[in-house]
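Structure first, then comments.
The values are calculated or read from the model by the stated rules, or taken from the named source; none is laboratory data. Here the structure is a predicted model, which means the values were calculated and not measured. Here Cβ is always computed from backbone atoms with ideal geometry, including for glycine, and neighbour counts include all displayed protein chains. Accessible surface is based on the protein model in full, side chains and every heavy atom, while ligands, DNA and RNA are left aside. Shrake-Rupley method; radii C 1.70, N 1.55, O 1.52, S 1.80 Å.
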Amino acid sequence: MRVTVLNGPNLNLLGTREPERYGKATLAEVESLVQVEAAQLGIELDWRQSNHEGALIDAIQALPGRADGLLLNAAGYTHTSVAIRDALLAVRIPFVEVHLSNVYAREEFRHRSLMADLAIGVIAGFGPQGYLLGLRALHSRLSDG
Ligand code: CA2
């Protein structure tokens, strides 16, 4: 089973700024955690981060034939990007939306996701653990056939 993890803008700053909000772990540390879990589940993981909307869209468009499922933290684009929504609609790849923070306990503009209704489900507020939960959920859904 192959899973791509896409991380959106500013997540490359994880562990270096705003640790009270996003935690102390760097994105590379979160990736290591998720890679260990993926290996245990027999998942081949492709981990990516981009600050650019178009690069995220290119990565989504390239998924068919390359990945069985997607773990998506589109970061700020979650709340704004019709173009990322359109790409997800076009490829129809099963995906789980993940957020480190509890977006519902934050500003109102973060309560709306332009992609959540297309997702299998959404996990928010559990920090890096949310990526593990999301990976397990995706694995279980993809194994159901
Ligand atoms: O909680 C999440 O995972 C978010 O997707 C993070 C986004 C935010 O816009 C979403 O509403 C919720 C922001 C990512 C910014 O990441 C940073 C990490 C460290 C320091 C500064 C920004």
Checklist entry - Is it the case that the range 101-121 has a residue that's β-branched (Val, Ile, Thr), at negative phi and touching a Gly at 6+ places or on another chain (Cβ under 7 Å)? => result no
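Considering only the range 72-88, state which residues are in a loop (DSSP other than H, G, I, E, B) and either touching a helix residue (DSSP H, G or I) at 6+ places or on another chain (Cβ under 8 Å) or within 20 Å of Leu133 (Cβ to Cβ) (or both).
Ala74, Ser81
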Item to check | Qualifying residue in the range 17-27 (condition: more than 21 Å from Leu89 (Cα to Cα), in a helix (DSSP H, G or I) and of a type in the set (S, T, N, Q)) | outcome: no
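Restricting the search to the range 40-71, which residues are acidic (Asp, Glu), outside any helix (DSSP H, G or I) and within 20 Å of Asn12 (Cβ to Cβ)?
Listed by number, the list holds a single entry, Asp46.
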Next on the checklist: Taking the condition of being open to solvent by less than 30 Å² (accessible area, probe 1.4 Å) and either in contact with a His (Cβ under 7 Å, 6 or more places away or on another chain) or among the aromatic types (Phe, Trp, Tyr) (or both), how many residues in the range 37-60 meet it?
Outcome noted: 1
Checklist entry - Looking at the range 29-60, which of its residues are touching an Asp or Glu at 6+ places or on another chain (Cβ under 6 Å) and within 13 Å of the ligand (Cβ to nearest atom)? => result none
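Would you be able to tell me the number of residues in the range 61-88 that are more than 16 Å from the ligand (Cβ to nearest atom) and either open to solvent by less than 20 Å² (accessible area, probe 1.4 Å) or closer than 28 Å to Leu41 by Cα (or both)?
Summing the residues that are more than 16 Å from the ligand (Cβ to nearest atom) and either open to solvent by less than 20 Å² (accessible area, probe 1.4 Å) or closer than 28 Å to Leu41 by Cα (or both) in the range 61-88 gives 10.
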Item to check | Residue list for the range 89-105, filter: within 16 Å of the ligand (Cβ to nearest atom), free of Cβ contacts under 8 Å to residues at least 60 places away in the same chain and part of a loop (DSSP other than H, G, I, E, B) | outcome: Asn102
Checklist entry - Which residues, taken from the range 7-28, are within 14 Å of Gly130 (Cα to Cα) and either more than 7 Å from the ligand (Cβ to nearest atom) or surrounded by fewer than 17 Cβ atoms within 10 Å (Cβ to Cβ) (or both)? => result Asn7, Gly23, Ala25, Leu27
Next on the checklist: For the range 48-80, which positions are under 22 Å from Tyr22 (Cα atoms) and among the polar types (S, T, N, Q)?
Outcome noted: Gln49, Ser50, Asn51, Asn73, Thr78, Thr80
